[in-house]
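Working notes, beginning with the structure itself.
The values are calculated or read from the model by the stated rules, or taken from the named source; none is laboratory data. Fair warning: this is a prediction, and the values are worked out from it, not measured in the lab. Note that each Cβ is placed from the backbone with ideal geometry, even for glycine, and that neighbours are counted across all protein chains shown. Calculation scope for accessible area: heavy atoms of the full protein, side chains included, ligands and nucleic acids excluded. Shrake-Rupley method; radii C 1.70, N 1.55, O 1.52, S 1.80 Å.
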Amino acid sequence: EAQVTQNPRYLITVTGKKLTVTCSQNMNHEYMSWYRQDPGLGLRQIYYSMNVEVTDKGDVPEGYKVSRKEKRNFPLILESPSPNQTSLYFCASRRRGWNEQYFGPGTRLTVT
Amino acid sequence: QQQVKQSPQSLIVQKGGISIINCAYENTAFDYFPWYQQFPGKGPALLIAIRPDVSEKKEGRFTISFNKSAKQFSLHIMDSQPGDSATYFCAAGGWGGSYIPTFGRGTSLIVHP
């Protein structure tokens, strides 16, 4: 089954404790993105990647890092999480030349 | 600066009614306009999309109307059903390699039985 998977689905952590949210897709897509979803603000792009070793900032990159060492994986790293990063996070992927994005199921992160 | 403005924020309709959600964009370089549907606990999924070479696209009960001169597009859900209850997002961006979508803030639709 073609899909985007994220882990963990739920995470509660404390301020300053480094964490990684993994994202993997099995569709051989070149493009991958991370979004955060907050009530009343919709989906905002954090980082995106056009291919392996190629990443760029989205609209709200502060406090986040990403890496793309393999085509299928695009982890999101919060090196020192803060409460304002409490949010619902989505990973998405798409094929080069096509606009349809496939979203993962989401990761709900709470930082206390 | 909000490049894609979506309204209303929430919408309640009766079963069988028409649901209408509107979006307005600012960047005239945008040429791909999708609508996503999101159920609670799930990620958004592409519902229907349109490019500016047509003014309307219909897929089943879902129709996008597009007005290039006004820089507006809307989603119409005909014969709305309780199963349509979800959050709907519009988005806009360039086509192909330049596609970095900007999303609207979402509309929570509730269809009462």
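Observations, loosely collected:
- Meets criteria (free of Cβ contacts under 8 Å to residues at least 12 places away in the same chain and closer than 28 Å to A:Y89 by Cβ) for B:G106: no
- Selection status of A:Y35, in contact (Cβ under 8 Å) with a residue 24 or more places away in the chain and open to solvent by less than 30 Å² (accessible area, probe 1.4 Å): yes
- In the range A:38-49, the residues that are in contact (Cβ under 8 Å) with a residue 40 or more places away in the chain and facing chain B (nearest Cβ under 8 Å): A:L43
- Any hit, the range B:54-61, residues being modelled with pLDDT under 95 and at the interface with chain A (Cβ under 10 Å from one of its Cβ atoms): no
- Residues in the range A:57-85 that are over 14 Å from A:G16 (Cβ atoms), open to solvent by 40 Å² or more (accessible area, probe 1.4 Å) and more than 14 Å from chain B (Cβ to nearest Cβ): A:E62, A:K65, A:K69, A:E70, A:K71, A:R72, A:N73.
- Of the strands (runs of 3 or more DSSP E) lying entirely inside chain B, those containing at least 1 residues that are among the hydroxyl-bearing types (S, T, Y) are B:4-7, B:10-14, B:19-25, B:33-38, B:62-67, B:72-77, B:86-92, B:107-112.
- Residue check for B:I20: within 11 Å of the chain's Cα centre (by Cα), open to solvent by 50 Å² or more (accessible area, probe 1.4 Å) and of a type in the set (A, V, I, L, M): yes
- All conditions in (1) modelled with pLDDT under 95; (2) open to solvent by less than 50 Å² (accessible area, probe 1.4 Å) hold for A:M50, with the sole exception of (2).
Matching residues to (1) polar (S, T, N, Q); (2) within 13 Å of the chain's Cα centre (by Cα); (3) under 15 Å from B:A92 (Cα atoms); (4) open to solvent by less than 40 Å² (accessible area, probe 1.4 Å):
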residue: B:A29; (1), (2), (3), (4): no, no, yes, no
residue: B:F33; (1), (2), (3), (4): no, yes, yes, yes
residue: B:Y36; (1), (2), (3), (4): no, yes, yes, yes
residue: B:G41; (1), (2), (3), (4): no, no, no, no
residue: B:S55; (1), (2), (3), (4): yes, no, no, no
residue: B:R61; (1), (2), (3), (4): no, no, no, no
residue: B:I64; (1), (2), (3), (4): no, yes, yes, yes
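- Once the range B:95-108 is narrowed to residues that are more than 9 Å from chain A (Cβ to nearest Cβ) and open to solvent by 10 Å² or more (accessible area, probe 1.4 Å), the residue that is modelled with the lowest pLDDT is B:S98.
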